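The values are calculated or read from the model by the stated rules, or taken from the named source; none is laboratory data. Keep in mind it's a predicted model, so treat the numbers as computed, not measured. Cβ atoms come from the backbone with ideal geometry, glycine included; neighbour counts cover every protein chain shown.
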Amino acid sequence: MGKGYYIKVNSVTHAIKAKDVLNANGFKAQVVRKSKQGRSESCGYSVVIDGDITRAEAILRNYHVRTSGYGEIRDKL
Amino acid sequence: MIYLDNSATTYPKPESVREMLRIAPIIYGANPGRGGYSMSNSTALEIYKVRSKIAEMFSAQSEENVVFTINCTHALNLAIKGLAKKGGHAVTSCLEHNSVMRPLKKLQESGDFSFDVANVFSDDDKTVQSFERKIKSNTDFIVCTYASNVFGDILPIEKIGKLAKKHNIPLIVDAAQAAGVLDIDVKRDNISCLCMPGHKGLYGPVGTGVLVLSEECMPDTIIEGGTGSESKNLLQPSFLPDRFESGTQNALGIIALGKGIDFVRREKINYIREHENELIYYLFNYLLKSDSFILYNGFDSRKYVPILSFNTSGLTGEETASYLAQNGIAVRGGYHCNIFAHDYYRTSSVGTARVSVSAFNRKKDIDYLINSLNKIAKLKKV
């Protein structure tokens with residue numbers, strides 16, 4: 001089990017697409033809604049994964065899935 | 001009732017659509033994209049699945065390029081008004097529905113926008129030349145129907161798409177009578193904005209429409225509001241589909257539309273069209289042999305979608321439709337929200353009666369119609 005991360009997305013549509021793409025590429029991803037949102041943050045939805053965040057981001061870029069950064073899961077969701 | 005007005009909306013809907021409309025308010029009753037609780041999430045997921053189905057069916061770049069609207073007219077307004085610029089210009093066809101003509105006329109009334117009308121011919125190359133002659137240096141877009149809602153004429157969209165690409169102009173297509181009937185591919189056809197209803201050839205419920213946008217096309221917004229995203233930003237989101245989906249969506253309708261699309265995919269577009277063409281051809285042959293009826297087109301399934309407009313000699317289209325309604329037959333009479341096409345076909349004084357079939361019609365429905373038309377013909381001769 002690798003480190004846990006949440007990937008920030010702009011909308012629920014992007015969240016579901018990101019989850020589908022990551023799951024199809026060997027991740028165990030799920031859509032969650034964050035209880036704390038910064039001013040710069042978006043729809044409140046994030047995609048949580050365990051594992052290699054660099055690879056996950058590369059896969060999402062490859063599939064043209066918009067993301068707006070990520071954070072470690074130890075941050076309170 | 002024998003229902004032959006499927007160009008207005010398909011009826012009946014498939015059993016799976018009706019069942020989803022019954023259960024969706026119970027299991028998908030929450031607002032999608034607005035909450036983190038399970039029903040909101042599952043509703044959002046179901047809507048995403050429908051986006052995926054539409055993206056696949058029409059070869060959209062991705063799911064986000066599929067925008068849900070309340071109908072085809074809504075989608076056309078988003079595209080036409082969103083792409084029109086001050087001092088701009090559009091090219092359209094002589095067969096357009098009011099859903100295209102009224103937004104264009106509204107823009108024209110502003111005094112700072114104009115449009116020209118290209119004629120449609122049986123020779124596709126002549127049609128394309130007619131479009132090309134109308135293009136100006138300030139042309140913002142071409143907007144035209146895929147197939148006429150009155151006479152069924154199919155426009156050479158692939159060729160018009162190539163023309164639009166050559167001139168680097170977006171192409172907006174009204175696919176109200178084509179979606180679910182013809183093979184539409186937004187990439188192949190270079191369509192920038194594909195506008196369609198969910199409740200006609202896709203067999204979804206009324207209150208559903210779709211705008212498929214190409215990656216390069218980003219119209220301005222004409223409606224702004226809450227999208228469930230970027231709530232702290234007072235500006236409308238720039239990304240799809242949220243940019244064009246302000247306000248609570250018709251989630252229940254969209255989810256049921258997904259079942260309609262499943263039905264079309266299962267039955268296969270080609271088979272549905274073949275079946276509908278057989279019925280229309282059967283009726284066409286009857287009308288052709290009788291001297292009591294007037295036809296306006298030949299029958300060529302490559303040139304027309306399965307829609308047949310005709311008149312009874314000495315009657316208006318509305319009168320024929322009214323007589324048929326008294327006999328339990330639903331057809332559309334009059335002008336079909338399209339005086340433009342009636343002008344072109346020289347039927348604007350009488351309108352026409354229009355027969356449009358669906359996957360659920362059978363030969364016996366057409367036999368019943370023919371039987372009633374025989375009665376009208378006899379009455380006219382007395």
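Tell me the residue from B:ASP183, B:ASP174, B:ASP220, B:ASP140 that is under 24 Å from B:LYS86 (Cα atoms), under 14 Å from the mean Cα position of the chain (by Cα) and not basic (Lys, Arg), please.
On the way: B:ASP183 fails: under 24 Å from B:LYS86 (Cα atoms); B:ASP220 fails: under 14 Å from the mean Cα position of the chain (by Cα); B:ASP140 fails: under 14 Å from the mean Cα position of the chain (by Cα).
On inspection, the qualifying residue turns out to be B:ASP174.
Which ones in the stretch B:358-382 are of a type in the set (Val, Ile, Thr) and farther than 23 Å from B:GLY201 by Cβ?
Taking the stretch B:358-382 and keeping what is of a type in the set (Val, Ile, Thr), we get B:366, B:370, B:376, B:382.
Across the stretch B:358-382, the qualifying residues are B:ILE370, B:ILE376, B:VAL382.
Anything in the stretch B:63-74 that is in a helix (DSSP H, G or I) and either within 23 Å of B:SER7 (Cβ to Cβ) or of a type in the set (S, T, N, Q) (or both)? List them, or say none.
Residues of the stretch B:63-74 that are in a helix (DSSP H, G or I), as a first pass: B:63-65, B:72-74.
Answer for the stretch B:63-74, where residues must be in a helix (DSSP H, G or I) and either within 23 Å of B:SER7 (Cβ to Cβ) or of a type in the set (S, T, N, Q) (or both): B:ASN65, B:CYS72, B:THR73, B:HIS74.
Which is farther than 22 Å from B:ILE255 by Cα, of a type outside the set (A, V, I, L, M, F, W, C) and touching a residue at least 60 places away in the same chain (Cβ under 8 Å), of B:SER99, B:SER59, B:SER16? Full working, then the answer.
Numbers: B:SER59 fails: farther than 22 Å from B:ILE255 by Cα; B:SER16 fails: farther than 22 Å from B:ILE255 by Cα.
That would be B:SER99, the only listed residue that is farther than 22 Å from B:ILE255 by Cα, of a type outside the set (A, V, I, L, M, F, W, C) and touching a residue at least 60 places away in the same chain (Cβ under 8 Å).
Considering only the stretch B:288-309, how many residues are in a loop (DSSP other than H, G, I, E, B) and either assigned by TED's automatic domain parsing to the domain that holds B:ALA175 or touching a residue at least 60 places away in the same chain (Cβ under 8 Å) (or both)?
To start, the set of residues in the stretch B:288-309 that are in a loop (DSSP other than H, G, I, E, B) comprises B:290-292, B:296-303, B:305-306.
Pick out the ones that are also either assigned by TED's automatic domain parsing to the domain that holds B:ALA175 or touching a residue at least 60 places away in the same chain (Cβ under 8 Å) (or both) and you get B:290, B:292, B:296-297, B:302-303, B:305-306.
So the count comes out to 8.
Within the stretch B:310-334, which residues are free of Cβ contacts under 8 Å to residues at least 40 places away in the same chain and assigned to a loop (DSSP other than H, G, I, E, B)? Let's see the steps before the verdict.
We begin by selecting, within the stretch B:310-334, every residue free of Cβ contacts under 8 Å to residues at least 40 places away in the same chain; these are B:316-319, B:321-322, B:325-326, B:333-334.
Hit for the stretch B:310-334 is B:THR316, nothing else.
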For the stretch B:224-239, give me the residue count where each residue is more than 7 Å from chain A (Cβ to nearest Cβ) and more than 29 Å from the chain's Cα centre (by Cα). 4
Checked B:SER130, B:SER114 against criteria (surrounded by fewer than 24 Cβ atoms within 10 Å (Cβ to Cβ), among the hydroxyl-bearing types (Ser, Thr, Tyr), within 30 Å of B:ILE280 (Cα to Cα) and at pLDDT 95 or above); the one match is B:SER130
So for the stretch B:225-236 (the condition being touching a residue at least 12 places away in the same chain (Cβ under 8 Å) and closer than 15 Å to B:ALA75 by Cα), does at least one residue qualify? no
Exactly one of B:SER214, B:SER246, B:SER192 is in contact with a Ser or Thr (Cβ under 8 Å, 6 or more places away or on another chain) and crowded, with 21+ Cβ neighbours inside 10 Å, and that residue is B:SER192
Kindly check whether there is at least one residue in the stretch B:11-29 that is over 30 Å from B:PHE151 (Cα atoms), within 11 Å of another protein chain (Cβ to nearest Cβ) and assigned to a helix (DSSP H, G or I). no
Give the stretch B:240-270 a look and list any residue that's within 14 Å of chain A (Cβ to nearest Cβ), farther than 20 Å from B:LYS49 by Cβ and among the polar types (S, T, N, Q), or say none. B:SER246
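Which one is surrounded by the most Cβ atoms within 10 Å (Cβ to Cβ), of the residues in the stretch B:133-159 that are aliphatic (A, V, I, L, M) and under 22 Å from B:PRO306 (Cβ atoms)?
B:VAL150
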Kindly establish whether B:SER40 is over 30 Å from B:GLU267 (Cα atoms), more than 14 Å from chain A (Cβ to nearest Cβ), out of contact with any His (no Cβ under 8 Å at 6 or more places or on another chain) and hydroxyl-bearing (Ser, Thr, Tyr). no
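Answer yes or no: is there a residue in the stretch B:351-363 that is surrounded by fewer than 17 Cβ atoms within 10 Å (Cβ to Cβ), more than 18 Å from the chain's Cα centre (by Cα) and over 20 Å from B:ALA176 (Cα atoms).
Within the stretch B:351-363, the subset surrounded by fewer than 17 Cβ atoms within 10 Å (Cβ to Cβ) is B:360, B:362-363.
Add one more test, that the residue is more than 18 Å from the chain's Cα centre (by Cα), and what stays is B:360, B:362-363.
Next, from what is left, pick out any that are over 20 Å from B:ALA176 (Cα atoms): B:362-363.
Yes: the stretch B:351-363 contains one or more residues that are surrounded by fewer than 17 Cβ atoms within 10 Å (Cβ to Cβ), more than 18 Å from the chain's Cα centre (by Cα) and over 20 Å from B:ALA176 (Cα atoms).
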Can you tell me which residue within the stretch B:49-62, out of those that are part of a helix (DSSP H, G or I) and crowded, with 22+ Cβ neighbours inside 10 Å, is farthest from the other protein chains (Cβ to nearest Cβ)? B:PHE58
